Amino acid sequence: MRDWEVLFVALFIAACHFISPYIHQAFEKYRAAVISFTGGLAISYVFLHLIPELEDGFGLVGNRIYFIALVGFIVFFGIELIITRYQEPAEHTRFYVLHISVAFIYTALTIFTLGMQLPTTSALTVVFALSLGLHLMSNDIGLQENFGSRYVRNGRYLLILAVVLGSVLSIVRRPHEIVIDSLTAILAGFMLYKIFREQLPDIQQVRYLPFIAGIGIFLLLHILLDTTHR
C-alpha cells in the first residue's frame, strides 16, 4: 500500500468537501450542464474502475464478491428509503443527522479501503482522485440543497473528519485483503445506487453533450495514462 498516495487522495477529497459550497454557488447558473458532466464522469468511473475492481477481488472472495456488492446496494437503498419515509421537513434535526451519518460512514469507509483500490500508477491515481472527488462533491451539493446553511456550517466539516478517520485507519490498521475486498464490494453496491439514483441528471434536464464530454474526458485520460505507464 502506498501511504503517500492514500494521503494525497484523502487530502484531495477533504478539499472537495470544504469547497463544495463555493462550487455550488459558482456553477448554479450552469447546474444542468455540470450535473450532466459529472454524471458522465461517474458512469465512466463505474465501468472503467469500479467493476474491474470487483473482478480483481474475485480471486480471494470468489463469485460471492458480486453477492456482497448486491447486499451493499440493498442495504444502503433500504437505509435511504427509511430516511425518506420519515416524511419530516429537511430542517428537522433527526432527518439531518441521519443523512449526515450515512454520508459520514460512506466517506470514511471509502477512504479506509483506498489502499487496495488505488490504480497501479501515480498518474492514474490522480485521475482516480479527481473522479472520486467529483463523485463525493456531487453528493455534498445534494446535501447542501437539502439542508442549506446547516450543511455549510457543520456538515462538511464532519465529512472532512470522516476523511481523516478513514485515512488514519487505512494507514495504521492495515486490514486483511479479504476485508478490504468485501468492504469495497459493499461500497461498490452503494456507489452504484448513488450514481444511478442521484448523480445522473433527470432525463428532462440532461445536457447530452456535457454528459458525453464527461465520459470522453475520463475515458481519454484513462487510456492515455494506462498506455503510457504500461
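Only the coordinates and a few stated rules stand behind these numbers; no lab work does. All values derive from a computational prediction rather than experimental measurement. A quick note on method: Cβ atoms are made from the backbone with ideal geometry, for glycine too, and the neighbour counts reach across all protein chains shown.
I need 197, 156 ordered by Cβ neighbour count within 10 Å, fewest first.
Fewest to most other Cβ atoms nearby, the residues stand as 197, 156.
Could you order peptides 177-183, 158-164 by the average number of other Cβ atoms within 10 Å of their residues, highest first?
Going by the mean number of other Cβ atoms within 10 Å, highest first, we get 158-164, 177-183.
Length gain on complete extension for the stretch residue 212 to residue 83, per 0.36 nm per residue less the alpha carbon to alpha carbon distance?
43.2 nm
Length gain on complete extension for the stretch residue 177 to residue 22, per 0.36 nm per residue less the alpha carbon to alpha carbon distance?
52.0 nm
Taking the beta-carbon count within 10 Å as an exposure proxy, list 194, 29 from fewest neighbours to most.
Ranked by crowding around the Cβ, least crowded first: 29, 194.
What is the extension gain from residue 47 to residue 168, computed as 0.36 nm multiplied by their sequence separation minus the C-alpha to C-alpha distance, in nm to one decimal?
40.7 nm
Taking neighbour Cβ counts within 10 Å as the exposure measure, how do 195, 223, 83 sort from fewest upward?
In increasing order of surrounding Cβ atoms, one gets 223, 83, 195.
Give me the one-decimal nm value for the distance between modelled label points at residue 94 and residue 203, 7 Å along each residue's Cα-to-Cβ direction.
Computed distance between label sites residue 94 and residue 203 equals 3.6 nm.
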